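Colleague: One structure is given below, represented as C-alpha cells, and several questions about it will come after.
The values are calculated or read from the model by the stated rules, or taken from the named source; none is laboratory data. Bear in mind the structure is a predicted one, so any value in this text is a computation, not a measurement. Cβ sites come from the backbone with ideal geometry, for glycine too, and all protein chains shown count toward neighbours.
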Ligand code: GLA
C-alpha cells in the first residue's frame, strides 16, 4: 500500500496543455526501477547471468533475440501484479462523463463498503480525462486516493489519439510516462486506437507496446502496465514479457449472450477485428483456446465488470463474476458504486469467489467440455464444464448452464483431472481414487439485508478476520493465500457434499446460472475413518 502522505496533485494546465508540455518538460532524472521492491526479479531491466530462480527452482536463460534474462515461470516482467489487479474503472458506466468528485466519492464508498479491503484498490480514470478538472484547476486535487489506501490508474492509447479522440501517446511514450510518474500514478491502461497502421503482425504490435513498457520501467516508479489491444495480433504469445495484463477481446457490453455484428469474432485465434459490443458468453468462450497464456504477472483481461449496469439478470451477473474470477481476469468494477444495489454489492463482495481470482496460481480455467443445447430467442444456448487447479491443490469446478432451461449437470473426477493423465500410456491419476469435499462458493452470499446495512452505514466494520462472519473478509489485514492456509470459512463457502473415488458431482443448475464449487481433498486420516 502507498505511503498515505503522498497526495495526487494534477494541475489542470498540465492536463490541457499536455501536447505543449511534451515539448517543454525537461526530462526528469532517470532512475531505474528496482524490482526487488516488489520482491521479484525483473526480466527486463536487469540482465544478469543465468541462475537458479528462487521461486520455482527452474533455471533462467538468455533470450537470443533481446539478450534479456528469461526466468521460466517467474513471469512478471516488472515484479508487479503477481495476482490480477482489482479496482474500479469509470468507462462502462460513465464513458466521458468524469470529474474529480466522481473519482473521490467512488473511492470513499469503496472504502466504506469494504470493497477496498476485499482487494479492489485501483481507481482507474479511463478515456477523456483532460476535461475532468475542477474550477480550482485540479483534476484530482489535493486529496488523496493514496491516503485512502487506494491506487491511481490513468489511461492513454498507443496511437496518436485515444479511442475518444483525445491526445494519445504514440511517439511521446517516455515524456508521458515521466509525467504520470511525477503524478504518482500507479497504473496505466494503454489502448490501441488510431495506431497509424502499426498493427497487423505480432512483431509490429509488440514493438509499439514495448516502447511504453520500457518507458514505464525507466521512470523508476512501479506502474502496473495494463495493455488494451483487444487481443489483436496474438498478445497471448508476446505480451507476458512486457506487460502485466492484456485485453484478449473487443469491448464488453452489458449483455449475457446476445450476438452483435460489431463483435464479429467467436474465437480469439486469428481475430483481426475484435470490435465491441461483445457479450459475456462471447468473451468467455474466446478465453477457452488461449487460457494457457494466463500466468502470474500477466493476466488476460476479459474486460471490465458490468454488474450493476442493468442489462442482465442477477444469475447472469453471478455467471459473469464467477467466470471472470476463475479465469484470473482483472476484476475492475465498471458500474456506479454510489448507486450500487444491495444485490450487486453482494456479488462484488463474495470473498470465496474473489479468493479464486486472487489465488497465487494466477492461472485461467480450462473448458473441459461444451455442448450447444436449449437455445433462447437469440438462438444461443450451451452448457459447459470449466475447471481449474489452485495453488494449494484444491480444485474449482464451474458447471455453467447458458441454455434456456434448467438442467441436471455432471462433473466427473475423470473430467476434472483429465490433464493429469500420463501422455502416451494412460495411467489413472491418483486423485481419481480420493474423496473430495465439495464447497458451494455462492452458498454464503450475503443477504440483501446485510448488503443494505453496509450501504447505509449501519453494519460492522471488518478490521480483521476474527469476527466469525462467513460473508465478509478483509484482505488488507490477511491475504487470501494466508486466509486459505487458516481455513478461513469466509473463503470456503459452505460444504454441500463430497465426491467419492471415481465419482461424479451432480447439481441442478437453473437457466443462465452457474454452480461454482471448490473441491478439497479429504485428509487421509478422515478418509480412513470414512472407509472403516
Ligand atoms: C476502448 C477500450 C475501452 C475504453 C474505450 C475508451 O474501446 O477498449 O475499454 O477504454 O476505448 O474510449
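Colleague: Is it fair to say residue 190 is outside any loop (DSSP other than H, G, I, E, B), closer than 16 Å to residue 301 by Cβ and at pLDDT 95 or above?
Modeller: yes
Colleague: Shifting gears a bit: Is it the case that some residue within segment 203-214 is more than 17 Å from the chain's Cα centre (by Cα), in contact (Cβ under 8 Å) with a residue 60 or more places away in the chain and away from the ligand (no atom under 16 Å from the Cβ)?
Modeller: Yes, because at least one residue in segment 203-214 is more than 17 Å from the chain's Cα centre (by Cα), in contact (Cβ under 8 Å) with a residue 60 or more places away in the chain and away from the ligand (no atom under 16 Å from the Cβ).
Colleague: For segment 224-250, how many residues meet the condition of being more than 16 Å from the ligand (Cβ to nearest atom) and either assigned to a strand (DSSP E or B) or surrounded by fewer than 24 Cβ atoms within 10 Å (Cβ to Cβ) (or both)?
Modeller: 6
Colleague: Would you check if there is a residue in segment 185-193 being touching a residue at least 60 places away in the same chain (Cβ under 8 Å) and out of contact with any strand residue (DSSP E or B) (no Cβ under 9 Å at 6 or more places or on another chain)?
Modeller: No, segment 185-193 contains no residue that is touching a residue at least 60 places away in the same chain (Cβ under 8 Å) and out of contact with any strand residue (DSSP E or B) (no Cβ under 9 Å at 6 or more places or on another chain).
Colleague: Moving to a separate point now. Within the group 139, 179, which residue is away from the ligand (no atom under 16 Å from the Cβ), buried (at least 18 other Cβ atoms within 10 Å of the Cβ), more than 13 Å from residue 223 (Cβ to Cβ) and at pLDDT below 90?
Modeller: Exactly one of 139, 179 is away from the ligand (no atom under 16 Å from the Cβ), buried (at least 18 other Cβ atoms within 10 Å of the Cβ), more than 13 Å from residue 223 (Cβ to Cβ) and at pLDDT below 90, namely 139.
Colleague: Please tell me if residue 286 is within 15 Å of the ligand (Cβ to nearest atom), under 18 Å from residue 330 (Cα atoms) and either in a helix (DSSP H, G or I) or at pLDDT below 95 (or both).
Modeller: Answer is yes for this residue.
Colleague: Would it be correct to say that residue 253 is surrounded by fewer than 23 Cβ atoms within 10 Å (Cβ to Cβ), under 18 Å from the mean Cα position of the chain (by Cα), over 29 Å from residue 77 (Cα atoms) and modelled with pLDDT of 95 or more?
Modeller: yes
Colleague: If residue 195 passes every condition in (1) within 13 Å of the ligand (Cβ to nearest atom); (2) under 20 Å from the mean Cα position of the chain (by Cα); (3) more than 27 Å from residue 121 (Cα to Cα) but one, which one does it miss?
Modeller: Of everything listed in (1) within 13 Å of the ligand (Cβ to nearest atom); (2) under 20 Å from the mean Cα position of the chain (by Cα); (3) more than 27 Å from residue 121 (Cα to Cα), residue 195 misses just condition (2).
Colleague: Quick check on segment 444-462. Is at least one of its residues more than 25 Å from the chain's Cα centre (by Cα) and under 18 Å from residue 119 (Cβ atoms)?
Modeller: Yes, because at least one residue in segment 444-462 is more than 25 Å from the chain's Cα centre (by Cα) and under 18 Å from residue 119 (Cβ atoms).
Colleague: Being surrounded by fewer than 19 Cβ atoms within 10 Å (Cβ to Cβ) and not in a helix (DSSP H, G or I) narrows it down to one of 200, 159, 153, so name that one.
Modeller: The unique qualifying residue is 200.
Colleague: Moving to a separate point now. When segment 272-281 is examined, which residues are found to be out of contact with any helix residue (DSSP H, G or I) (no Cβ under 9 Å at 6 or more places or on another chain) and either away from the ligand (no atom under 15 Å from the Cβ) or under 18 Å from residue 358 (Cβ atoms) (or both)?
Modeller: 272, 279
Colleague: Looking only at helices (runs of 4 or more DSSP H) that fall completely inside segment 71-126, which ones have 1 or more residues that are surrounded by fewer than 20 Cβ atoms within 10 Å (Cβ to Cβ) and more than 16 Å from the ligand (Cβ to nearest atom)?
Modeller: Details: elements: 91-94, 100-112, 115-118.
Hits in segment 71-126: 100-112.
Colleague: Answer yes if at least one residue in segment 259-267 is surrounded by fewer than 18 Cβ atoms within 10 Å (Cβ to Cβ), under 30 Å from residue 339 (Cα atoms) and either more than 16 Å from the ligand (Cβ to nearest atom) or without any contact (Cβ under 8 Å) to a residue 12 or more places away in the chain (or both), and no otherwise.
Modeller: yes
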